[in-house]
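Report on the following structure.
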Amino acid sequence: MNVVVMGTGYVGTTMALLLAERGHRVTGLDKDLDKIGRLQSGSLYFHEPGMERILRQYLHRGSLTFTGNAEEAIAHAEAIFICVGTPALPDGTPDLSYVREASAMIGRHMKSHLLVVVKSTVPVGTSENIARWIRSAQPEPLEVDVVSNPEFLREGSAWQDATQPDRIIIGARNPQAAWRLRNLYEPIYCPVLVTDPSTAEMVKYAANGFLAAKISFINELSRLCDKLNINVDEVSAGICYDSRIGPSLMKAGIGYGGSCFPKDVSALLATAKQHNCRLSILERVVRVNETQPGYVLDKLIRGLGGLDGKTVAVLGLAFKPNTDDTRESPSLRIVRGLLNRRAKVRVHDPVAKWPQARSKRQPEVCAAAEQALAGADAAILCTDWPEYGRLDWGSIRKTMRTPLFIDGRNMLDAEKMKSLGFRYEGVGIQ
Ligand code: NAD
């Protein structure tokens, strides 16, 4: 089938590769011509393990191509996947202007019956609106089936999540459209749940709301563990053997970030507010998450007895390992908090770049973690990149001015760090 993927960000690029792998002729369409140029030349412009090789493979085979020419791409499409961004507006509702613009482009340029698949995370009712937006842009009436198909991939393991999903949710009014989408994904080895579009849209928000709640639950509990001198990681291990709880995301730290959890929880809360319905658990989830970077930063400030003129090394900028994505990263809040308190800040990340080059106070960006740590009064680990576990901490300890180490991801072995002479504190680990 001729498939167009609109928006070649994390989700769109992964989808384009998946659909090429499933044997379709795929065109990645984006209005950002820089991204298009880089993808077409075989360069993945973001960090996602293993995916650049796959990109080159399908470009080379000729089953995948990238373009900025919407008219031509849409005219030949049999199915279009909308993967454009839906960032949060200041009031917490998602900005649907990109989705609306993409819908109008589809309406303007489509030449025959189309299956339109909504992968972007959008509020309940949007898929129905997309159908209206497409129709109202059509020069002449043509049939269109709009299907909601929320995406659950995680940055850092996008290819694995796309090729081996744990479920596929299809929200369709027309059962034939649901079957057409199912066939596009064949072979499928996971449960497929077919619902109406609104339910499918809600599934995505409910999933991210619940996952965010898990993180805030253990983070809030870590504060009590600190007071009671209890190791929260051991508590976490103890409860996670219960299959109803499970181990994933049950690790205390500086809080969640990224392009999804913060904005999707805000969007769900905004939807609830519009319908005069209070989601008080999620309100608290957000509150815990907003205060968690400050809670961990306070450990460092207390440990140093103030920050003025002190040099602090921050390890990790990305919101999680194996990605260069710093959107809503709690690490940035910690860096800003340090800079605002007049600390000298040295940052390191294996792949992510410091994203705020225009702000007044700037950290020193270091090419190596050892460089950031040498001569520092304290260090704070903000992203649990595996390479930080492999550093020679014994040697690093000798290069630091004061050996205060705050482990914002409970990544390193507390006892080992202490035996090397560090004043080590984790989150809910004393
Ligand atoms: P992104 O910001 O990385 O990419 C969006 C792309 O859409 C950009 O390249 C932009 O130039 C392009 N675009 C905007 N308007 C366009 C138009 N009219 N025509 C063509 N291209 C257009 O976004 P992302 O992280 O890939 O997320 C996309 C959607 O998927 C969002 O709704 C997000 O919530 C959802 N999602 C993201 C993830 C994730 O891990 N990133 C996971 C699941 C779902």
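Points worth noting:
- Residue among 102, 88, 75 that is among the small types (Gly, Ala, Ser), within 13 Å of the ligand (Cβ to nearest atom) and in contact with a Lys or Arg (Cβ under 7 Å, 6 or more places away or on another chain): 88
- Residue in segment 185-200 that is under 14 Å from residue 118 (Cβ atoms) and crowded, with 21+ Cβ neighbours inside 10 Å present: yes
- Among the residues of segment 84-102, those identified as of a type outside the set (Gly, Ala, Ser) and either assigned to a loop (DSSP other than H, G, I, E, B) or buried (at least 18 other Cβ atoms within 10 Å of the Cβ) (or both) are 84, 86, 87, 89, 90, 91, 93, 94, 95, 96, 98, 99.
- Meets criteria (assigned to a helix (DSSP H, G or I), buried (at least 18 other Cβ atoms within 10 Å of the Cβ) and within 15 Å of the ligand (Cβ to nearest atom)) for residue 54: no
- Taking the criterion of being within 16 Å of the ligand (Cβ to nearest atom) and either among the hydroxyl-bearing types (Ser, Thr, Tyr) or on the phi > 0 side of the Ramachandran plot (or both), the only residue of segment 189-221 that qualifies is 205.
- Check on residue 232, touching a strand residue (DSSP E or B) at 6+ places or on another chain (Cβ under 7 Å) and at pLDDT 95 or above: no
- Yes/no for residue 254 being touching a residue at least 60 places away in the same chain (Cβ under 8 Å), more than 16 Å from the ligand (Cβ to nearest atom), in the same structural domain as residue 408 (by TED's automatic domain parsing) and part of a loop (DSSP other than H, G, I, E, B): yes
- Just one residue in the set 102, 75 is out of contact with any His (no Cβ under 7 Å at 6 or more places or on another chain), at pLDDT 95 or above and among the small types (Gly, Ala, Ser); that residue is 102.
- Evaluation of residue 371 against (1) of a type in the set (S, T, N, Q); (2) under 28 Å from the mean Cα position of the chain (by Cα); (3) over 21 Å from residue 260 (Cβ atoms); (4) modelled with pLDDT of 95 or more (one fails), failing number: (2)
- Taking segment 119-137 as the range and being under 26 Å from the mean Cα position of the chain (by Cα) and without any contact (Cβ under 8 Å) to a residue 40 or more places away in the chain as the test, only 129 passes.
- Residue match in segment 42-58 (condition: in contact with a Lys or Arg (Cβ under 6 Å, 6 or more places away or on another chain) and under 28 Å from residue 262 (Cβ atoms)): yes
- Among residues of segment 367-407, those that are assigned to a loop (DSSP other than H, G, I, E, B) and touching a residue at least 24 places away in the same chain (Cβ under 8 Å), counted: 11
- Every residue from segment 9-42 that is within 14 Å of the ligand (Cβ to nearest atom) and at positive phi: none
- Only one entry in 67, 13 is crowded, with 16+ Cβ neighbours inside 10 Å, within 22 Å of residue 181 (Cβ to Cβ), polar (S, T, N, Q) and free of Cβ contacts under 8 Å to residues at least 60 places away in the same chain, namely 13.
- Tabulated pairs, segment 174-193, first within 18 Å of residue 20 (Cβ to Cβ), second among the polar types (S, T, N, Q), C-beta under 8 angstrom, 6+ apart or interchain: 181/149
- Candidate set from segment 118-171 (those that are assigned to a helix (DSSP H, G or I) and of a type in the set (D, E, K, R)); member that is nearest to the ligand (Cβ to nearest atom): 161
- Sub-7 Å Cβ pairs linking a first residue in segment 34-60 that is more than 15 Å from residue 12 (Cβ to Cβ) to a second residue that is of a type in the set (A, V, I, L, M), at least 6 apart or interchain, are 42/55; 42/59; 47/351; 52/44, ordered by first then second residue.
The values are calculated or read from the model by the stated rules, or taken from the named source; none is laboratory data. In this text, all values refer to a predicted model and were calculated from it rather than measured experimentally. In this analysis, Cβ positions are derived from the backbone assuming ideal geometry, glycine residues included, and neighbour counts consider all displayed protein chains.
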